[in-house]
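K.L.:
My structure is below; once you've seen it, I'll send some questions.
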Amino acid sequence: MACIVNNGLELHSEHSEDSETSSDTDDDFETVEMHVMDNNKTELTSAFTRNKWSAATQKVLSSMPSRSVGWSAAVLSQRDHSSVRDSSQVPGTSNRDYDMESHEGLIHEVPRMRHLLRTLQTLPLDECVRKLRMMPMSLTEKSELRALLCRERKGQILSVETSRNSHFQVRLRKSLRGARQGVHSLLTSVQLWHGTLKKVSGRFGTGALSYFLFLRTLLLYNIFLSLIINVFLVLPEVIHHPHHSANKKIFMGLNIFTGTGILTDSSMFYGYYNYTEENNCSSGNKTKPYNSYNIRLAYLLTIGTGLFATCIMLVYSVFRTLGGSFHMYKSHGNLALKVFSCWDFKLSKMTSVRMQSENLCTQLKEMLYELHSGNPKGKLKTRLIWMALCFTAWGISLTCIFCCVLTVYVFSEDRENVSNIGSDENLLALPLLVCGLNHLMPSVFNMVAWMESYDSLSLCIYVSIIRNLFLKVSTLAVLCYRWMGSTATPKNGTKLECWETFVGQDLYRFLLMDLIFGVLHTIFGDFLWRVFTQGVLRRKRKPAFDIARNVLELIYGQTLAWFGVLFSPLLPTFQIVKLILLFYLKRASLMMNCQAPRKAWRATQMTTLFISLLCFPSFLGAAAGITYTMWRLEPSSTCGPFRMLSSMFQAGREWRCLTTFNPSLTWLSWAYTVLENPLFLFTIAGVFLLEMVREE
Amino acid sequence: MQIRLYRNCQVEQEGEVWFALVKFVSARNKDESNQRLCRTNRTNNTMGATASKLPKDQLSEYQELTFLTKQEILLAHKRFNELLEREDRQQIGGSRVPMNKILTLPELKSNPFRRRICQVFSTSDLRDGSLSFEDFLDLLSAFSDSATLEIKSHYAFRIFDFDDDGTLDTGDLEKLVNCLTGEMDNTRLTSEEMKQLINNILEESDIDKDGTVNLSEFQHVISRSPDFVSSFKIVL
């Protein structure tokens with residue numbers, strides 16, 4: 001018994017095994033084993049031996065996690081506290097009167113079914129229908145049952161007494177569910193790139209599809225953020241205060257790459273958003289109508305709201321994907337799992353299907369061989385050699401990362417002094433260096449990983465992701481130190497006239513260089529590598545699409561965009577253009593140069609990992625950087641909407657002005673004082689998220 | 001004969017009870033359901049529903065009872081219409097599409113389990129794998145994005161149960177592995193390897209040691225795999 005009960009999925013633990021039943025069950029199991037061992041009578045006797053199990057055995061077996069995880073959870077919601085939970089349930093079927101006599105005998109043998117029907121009848125209709133949906137009956141039978149329940153309900157007078165609290169809870173849950181369904185249907189109706197994604201998944205499977213889905217998710221986040229910022233910040237500023245720069249600058253082609261010249265004073269960067277005296281709170285007399293748009297507040301609030309909403313959406317998707325992938329993965333005993341669950345039904349192209357069959361066959365043979373030929377890694381010598389190789393590989397990787405970081409640090413130090421920056425072209429040197437390193441080092445890590453041979457593919461991928469992540473995080477940290485430290489508050493040398501614009505331009509250059517390098521790498525790297533492997537090395541297989549590396553590049557770009565939104569409000573719009581371009585480019589490259597991977601890509605776990613990486617180091621880091629900038633750094637005194645303030649947060653006090661000039665907006669100031677307390681915000685957000693997650 | 005068999009045995013495992021009941025009831029109710037479909041179909045026609053449109057109340061009923069969204073149901077309706085013969089397009093509710101036509105769908109054409117899928121979802125009396133529109137919706141609902149693990153694992157079990165006896169025995173497992181590894185000679189397992197593989201599978205998943213994998217044991221194995229839900233998907 002112990003070996004069976006020892007599972008990790010004890011969902012219904014309220015059944016205590018009585019001591020008196022254990023002896024019965026032991027006898028029953030012994031009977032089964034004896035018969036099974038007798039080869040001549042295996043099939044016949046095993047079928048009948050089961051039927052000799054006592055009711056106690058039945059009860060114990062029916063409380064097994066594997067049984068209770070299925071139907072009790074699906075058919076009867078745990079929240080209902082129904083008494084039917086103690087036994088395994090059978091999905092019902094229609095019980096029209098004229099059929100009752102014919103299979104009455106059968107129904108009497110299964111009294112639980114009637115109980116289920118009775119339970120269904122006591123529930124509200126929409127709960128009923130929800131449970132019907134989750135039963136594996138055919139649609140015809142479900143609609144019959146539903147029609148029957150509807151008819152009965154019309155005849156009955158429901159005398160269910162519900163307390164006020166539960167009534168309110170039911171209504172709240174209903175409205176939340178309705179809202180969620182509305183949002184879900186709205187999102188699914190906007191099926192961007194549906195045909196393309198289907199083609200990709202039909203040929204390459206779920207792994208490559210997860211990259212493109214991730215790209216689409218990022219695109220939606222950026223569209224949402226840029227919509228808010230463009231509507232509430234950029235458009236009003238452009239309409240109300242069209243600027244003409246004092247010295248007309250000539251547009252040069254290089255300006256697109258450097259973001260300098262004519263673009264410096266454009267609405268792309270922080271310096272454009274001016275702040276004139278008439279917007280000042282203390283100026284003017286109270287009779288003057290306050291009709292101009294307060295750009296200070298708008299700047300602060302739109303960016304704050306956009307980032308806060310993005311945070312909520314990210315955390316929600318992390319919770320959703322996390323729920324599905326909490327499984328302990330055993331390293332052995334997986335043959336059954338592989339056979340039952342690894343076939344990818346999305347593949348529709350014949351060659352891909354054949355390839356999947358081939359791969360599966362190879363993997364099964366390998367697993368069988370490993371199981372039956374003993375453990376070759378058991379030898380001490382092989383293990384020591386393997387560990388030494390691992391250490392060397394890690395040592396090499398960490399040294400490389402350290403060297404890169406040092407290079408970036410030294411190189412950026414030269415730029416501290418403003419006068420060192422000569423012409424505009426020199427500004428491109430640092431982005432070039434950083435992007436070059438970011439694209440070169442993953443190939444170095446791949447070569448290093450050839451040395452080590454990991455047991456499982458997922459471990460290999462995790463190691464590669466960790467190394468790439470280290471590299472990117474450390475370079476970003478050095479750059480942030482430079483921007484927020486030396487550029488904003490230089491210790492020696494002259495201070496920049498408008499340091500926020502400079503930082504915004506730097507970030508724009510980084511994003512642009514990232515895009516250019518990505519394009520070049522796709523065109524030359526993938527294409528040339530394929531020609532090389534097939535022509536020179538004469539390999540039959542095309543290279544596989546490196547999903548982890550591409551996703552990390554996307555996350556890196558998005559971090560830059562989120563951090564830069566404070567200094568360059570049009571950066572999310574630029575990111576949208578970049579993502580659309582990348583989508584079509586990567587798709588073309590995939591179709592031409594790659595083929596489906598040899599081993600199965602664990603899509604769910606990887607998706608969870610990528611969304612968590614997007615939320616935790618990427619978004620949180622960017623948000624922390626922005627918060628620090630707003631709170632601690634002094635805005636430049638000659639440009640931008642926050643001049644003459646000691647920190648950007650102080651602009652928040654302008655709320656009070658709005659109410660003195662516009663009495664109808666007093667509720668806004670009340671709202672602001674309430675929202676100023678971050679605890680309140682987080683409590684609301686937490687309650688909302690919990691309710692959404694419970695609905696899942 | 002099946003009825004008698006199940007009446008005599010004390011079948012206590014829930015999966016088998018369910019299995020027996022559904023097969024029994026659906027066997028009894030096929031003609032009634034067909035008659036009813038025709039009745040609703042006639043009322044649809046008298047109500048003036050056109051050939052290519054799905055009436056609104058039926059659409060909302062399908063939305064409630066399946067995991068498909070409105071767009072997916074309408075797309076399924078369109079694709080199903082294309083598969084029907086021209087003369088049958090007037091009454092989409094009652095007509096069945098033969099299996100060989102369903103198998104021309106690009107999503108199913110290369111799938112090694114295509115015949116089993118058609119047979120599992122078919123509610124036809126003749127057991128010929130032909131699908132009505134509601135069967136087609138059932139198929140898409142089970143394979144959709146929002147279907148639960150329970151539904152998917154349930155239908156996966158039925159698809160893998162090649163002899164429809166409610167358990168996966170040695171013959172079923174052998175056919176399953178042959179489907180997975182393909183038809184080519186170089187990808188088949190030898191008989192020795194097949195025996196070893198089946199023994200290993202039974203060792204890992206057969207909890208009550210009766211030589212077969214029943215629904216609960218199958219669901220127990222599947223629940224350990226987080227990728228099953230994402231790979232058991234077909235989208236139109």
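K.L.:
Under a Cβ-only charge scheme (Lys and Arg +1, Asp and Glu -1), can you give me the dipole magnitude of the stretch B:148-236 about the Cα centre, in debye to the nearest 20? Provide the component values of the computation, followed by the final result.
P.N.:
On the way: 8 positive and 19 negative charges, 93 e Å.
Result for the stretch B:148-236 is approximately 440 debye, rounded to the nearest 20.
K.L.:
Here is a follow-up. Treat the count of other C-beta atoms within 10 Å as a stand-in for reagent exposure and order B:D185, B:D206 from fewest to most. Before the final figure, lay out each step's value.
P.N.:
Values: B:D185 6, B:D206 19.
Least crowded to most crowded, the residues run B:D185, B:D206.
K.L.:
From the cross-link list A:K346/B:K175; A:K198/B:K152; A:K142/B:K175; A:K542/B:K109, which pairs have alpha carbons spaced over 23 Å apart?
P.N.:
Numbers: A:K346/B:K175 21 Å; A:K198/B:K152 20 Å; A:K142/B:K175 32 Å; A:K542/B:K109 25 Å.
Pairs exceeding 23 Å: A:K142/B:K175; A:K542/B:K109.
K.L.:
Test of understanding: ordering B:M184, A:M268 by Cβ neighbours within 10 Å, fewest first, what list do you get? Please report the intermediate quantities before stating the final value.
P.N.:
Numbers: B:M184 11, A:M268 22.
Ascending number of Cβ neighbours within 10 Å: B:M184, A:M268.
K.L.:
While we're looking at this one, here's another question. What translational D, rounded to a whole number of µm²/s, comes out for the stretch B:148-236 from Stokes-Einstein when the hydrodynamic radius is the Kirkwood one over Cα pairs, at 25 °C and 0.890 mPa s? Spell out each step's value before the answer.
P.N.:
Numbers: Rh = 13.9 Å.
Estimated via Stokes-Einstein, D reaches 176 µm²/s.
K.L.:
When A:C150, A:C498, A:C311, B:C179 are ordered from fewest to most other Cβ atoms inside 10 Å of their Cβ, what list results? Intermediate results must be reported in sequence, preceding the final value.
P.N.:
On the way: A:C150 12, A:C498 22, A:C311 15, B:C179 19.
Least crowded to most crowded, the residues run A:C150, A:C311, B:C179, A:C498.
K.L.:
Another question, then. Against the globular-protein guess of 2.2 N^0.38 Å, express the Cα radius of gyration of the stretch B:51-147 as a ratio, rounded to two decimals. Don't skip to the answer; put the middle values down first.
P.N.:
Working: Rg = 12.8 Å, N = 97, 2.2 N^0.38 = 12.5 Å.
It is 1.02.
Laboratory data are not the source of any read-out in this text; all were calculated from the coordinates shown. Owing to the predicted nature of the structure, the values given are computational and were not obtained by experimental measurement. Note: ideal-geometry Cβ built from the backbone for every residue, glycine included; neighbour counts use all protein chains shown.
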